[in-house]
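Quick note: the coordinates plus some simple rules give every number you see, no bench work behind them. Model, not experiment: these values are computed from the prediction. Positions of Cβ are generated from backbone atoms using ideal geometry, with glycine treated the same way; all protein chains shown enter the neighbour counts.
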Amino acid sequence: MDKQKVAALLEHLRIVPHKNLILLYVLEKVRVPLSIERIDFITGTNGWMEYFDMVDALAKLAEQELVTVATDGGAGGDPLFGLSEEGAEALELFRTRLPASLRAEIDEFLLENERVISLTARHRSRIRRDEAARLWRVVLTAEGAEITLSARSHDEGMAICDNWTKNADDLLERLRGERKP
């Protein structure tokens, strides 16, 4: 990493070091690109970061090329964020600024929630607020099928997403009549 990039990184990390380092650390540990919803699940569930702070930090990290941004290829084309080589280098330089106790807490949470977090391209879920209907819209996709549901709260929507991740194959078989209940 060149000196100019390190200087810019230092300035950026000085502004919101904790949030950026949490994101870089999470992306390093997960090792697969994550959607904003998955990152929010990880950082928001634990109170490590508010949603808008997380989105802002991701944008800044992407602008500085410390995270990669790709689309999931699904109908929604949602962005997926991963750790870039530069981001991995930056994390190595500043890892000690993230308290060891917080790193351990993140590690434990990721281990306990590995199945929910490691959502594959086969089973995607998105949740968005629909202000007009005063509901949360949950879009579930798998193997060419797309199902849209409404949820009364963010928590209910996240539960639907989590259950979809765990049960998508079985539910699709039943809906297609490929298996008896």
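Details
- Our estimate of slack between ASN113 and ASP56, defined as 0.36 nm per intervening residue step minus the Cα-Cα distance, is 18.1 nm.
- Contour minus Cα-Cα distance for ILE147 and THR71 (0.36 nm per residue): 25.4 nm
- Sites GLU85 and ASP170, calculated FRET efficiency, Cβ-Cβ separation with R0 25 Å, nearest 0.05: 0.05
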